[in-house]
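Asker: Mind looking over this structure? Questions follow.
The values are calculated or read from the model by the stated rules, or taken from the named source; none is laboratory data. Bear in mind the structure is a predicted one, so any value in this text is a computation, not a measurement. Note: ideal-geometry Cβ built from the backbone for every residue, glycine included; neighbour counts use all protein chains shown. What goes into the accessible areas is simple: the full protein's heavy atoms, side chains included, and nothing from ligands, DNA or RNA. Shrake-Rupley method; radii C 1.70, N 1.55, O 1.52, S 1.80 Å.
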Amino acid sequence: MKKIKDLQHWLDGYRDVENACGELEVGWEMVKEGLMEEAELDGLYASAIALIENLELRNMLRREEDKLGVVLKINSGAGGTESQDWASMLMRMYLRWCEQHGYKTSIANILDGDEAGIKSCTINVEGDFAYGYLKSENGVHRLVRVSPYNAQGKRMTSFASVFVTPLVDDTIEVRVDPALLSWDTFRSGGAGGQNVNKVESGVRLRYQFTDPYTGEKEEILIENTETRDQPKNKENAMRQLRSILYDKELQHRLQEQAKVEAGKMKIEWGSQIRSYVFDDRRVKDHRTGWQTSDVGGVMDGDLDGFIKAYLMEFAGSEEEK
């Protein structure tokens with residue numbers, strides 16, 4: 001059914017473009033005969049261009065993982081309350097973007113800040129091509145503003161990192177060795193009534209991972225307090241583990257590609273990708289050069305311009321590799 005739905009999308013998109021071009025052609029003849037205003041023709045032209053660009057944008061998402069959902073993790077950087085507040089602002093921004101695009105979101109885990117904001121959070125985003133669009137957000141996000149938490153009213157710079165990994169589904173096979181798994185349970189705490197506070201519904205998964213390419217060992221730690229049901233939380237934690245293992249393999253492939261195409265796009269975790277300068281009313285992506293003065297709109301989830309610029313510049317080269 002997923003394959004049929006994907007094929008149907010391309011058929012519908014082609015028909016929409018074909019119809020729009022047909023209407024534009026008819027409109028041009030009507031303008032020449034004086035039966036239609038040029039302004040109305042301009043509207044038909046803009047509509048046709050928008051449909052073509054949307055289809056072209058979707059065409060940039062051809063990789064296997066692009067169709068999947070997303071595990072999006074936000075971590076506040078150094079800077080205490082200011083960076084923790086920035087992390088919570090980013091969380092709101094992505095939740096708003098997902099809401100506007102019809103994606104289903106759930107907060108798998110959240111760690112509140114000391115005074116305000118959050119130290120970290122993990123958001124599961126489910127829906128077609130969520131990873132394909134949100135992979136452009138992976139990296140460090142920089143905020144420059146006059147901090148409300150600074151008594152002298154000084155301009156401060158804060159950082160928060162965003163990690164984006166594909167949310168694997170049943171169509172992706174990932175091998176997990178049960179012998180390397182261990183579980184802890186704990187009381188979730190916070191809001192939710194007596195059940196959440198008294199029953200150990202929260203789960204903590206530890207997986208002893210050995211990189212098959214480098215031999216390096218690391219412990220993968222995942223906490224899930226998404227529901228009041230411990231078995232459900234275990235299931236969600238396992239899903240996140242499979243997503244992380246899949247992403248590690250994906251990152252290895254990308255690194256190998258980068259060695260071959262050294263002069264082209266570099267996908268680096270932890271690289272500063274975007275600056276949000278509130279005083280100057282400017283948000284700029286350092287990879288593509290795309291920027292906007294609509295700071296309020298961006299913080300309310302208007303990220304499509306950044307995402308489109310990234311995909312148009314880099315997704316094609318990914319596909320060539």
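Asker: Can you tell me the order of 206-218, 14-26, 64-76, 274-286 when each peptide is scored by its average per-residue count of other Cβ atoms within 10 angstrom, highest first?
Answerer: Highest to lowest by the protection proxy: 64-76, 274-286, 14-26, 206-218.
Asker: Ok, one more. Just round it to a whole percent: the fraction of Cα-Cα distances in the stretch 11-145 exceeding 18 Å. Before the final figure, lay out each step's value.
Answerer: Values: 6021 of 9045 pairs.
More than 18 Å apart: 67 percent of the Cα pairs in the stretch 11-145.
Asker: Give the carbon-plus-sulfur fraction of the accessible surface of the chain in %, rounded to a whole number; probe 1.4 Å, heavy atoms of protein chains only. Mind showing how you got there, number by number?
Answerer: On the way: 8510 of 17390 Å².
Of the solvent-accessible surface of the chain, carbon and sulfur hold 49 percent.
Asker: Something else now. Once you list every other residue whose beta carbon is under 10 Å from the beta carbon of Cys121, what net charge do they have if Lys and Arg are +1 and Asp and Glu are -1?
Answerer: Numbers: positive: Lys73, Lys119; negative: Asp112.
Residues near Cys121 contribute +1 overall.
Asker: Please go through the residue pairs Lys135/Lys234; Lys5/Lys104; Lys3/Lys232; Lys67/Lys217; Lys73/Lys234 and name each one whose alpha carbons sit more than 23 Å apart in this structure. Can you show the working numbers first?
Answerer: Numbers: Lys135/Lys234 26 Å; Lys5/Lys104 18 Å; Lys3/Lys232 28 Å; Lys67/Lys217 30 Å; Lys73/Lys234 18 Å.
Violating the 23 Å Cα-Cα cut-off are Lys135/Lys234; Lys3/Lys232; Lys67/Lys217.
Asker: Return the equivalent ellipsoid semi-axes of the stretch 87-134 as a descending list in whole Å, where each equals the square root of 5 times an eigenvalue of the C-alpha gyration tensor.
Answerer: Working: eigenvalues 98, 22, 12 Å².
For the stretch 87-134, the ellipsoid semi-axes come out as 22, 10, 8 Å.
Asker: Could you tell me how many degrees, from 0 to 90 and to the nearest 10, lie between the Cα long axis of helix 230-260 and the main elongation axis, the longest principal axis, of the Cα atoms of the chain?
Answerer: 60 degrees
Asker: Another question, then. Note down, for the stretch 1-71, the three equivalent ellipsoid semi-axes (square root of 5 times each alpha carbon gyration tensor eigenvalue), biggest first, whole angstrom. Please list the in-between numbers first.
Answerer: Values: eigenvalues 231, 30, 10 Å².
Semi-axes, largest first: 34, 12, 7 Å.
Asker: In addition: How much net charge surrounds Asp300 when only the other residues with a Cβ under 14 Å from the Cβ of Asp300 are counted, with Lys and Arg +1 and Asp and Glu -1? If you can, show how the numbers build up before the last one.
Answerer: Numbers: positive: Arg92, Arg96; negative: Glu99, Asp294, Asp302, Asp304.
Computed value for this residue: -2.
Asker: Give the angle, between 0 and 90 degrees and rounded to the nearest 10, that separates the Cα long axis of helix 38-59 from the longest principal axis of the Cα atoms of the chain.
Answerer: 40 degrees
Asker: Also: Tell me, what are the semi-axes, in whole angstrom and largest first, of the equivalent ellipsoid of the chain as set by the roots of 5 times the Cα gyration tensor eigenvalues?
Answerer: Values: eigenvalues 294, 138, 86 Å².
They are 38, 26, 21 Å, listed from largest to smallest.
Asker: Could you give the angle, 0 to 90 degrees to the nearest 10, between helix 81-100's Cα long axis and the longest principal axis of the Cα atoms of the chain?
Answerer: Rounded to the nearest ten degrees, it is 50.
Asker: On to the next question. Roughly how many whole Å is it from the C-alpha centroid of the stretch 59-130 to that of the stretch 197-248?
Answerer: Answer, in whole Å: 18.
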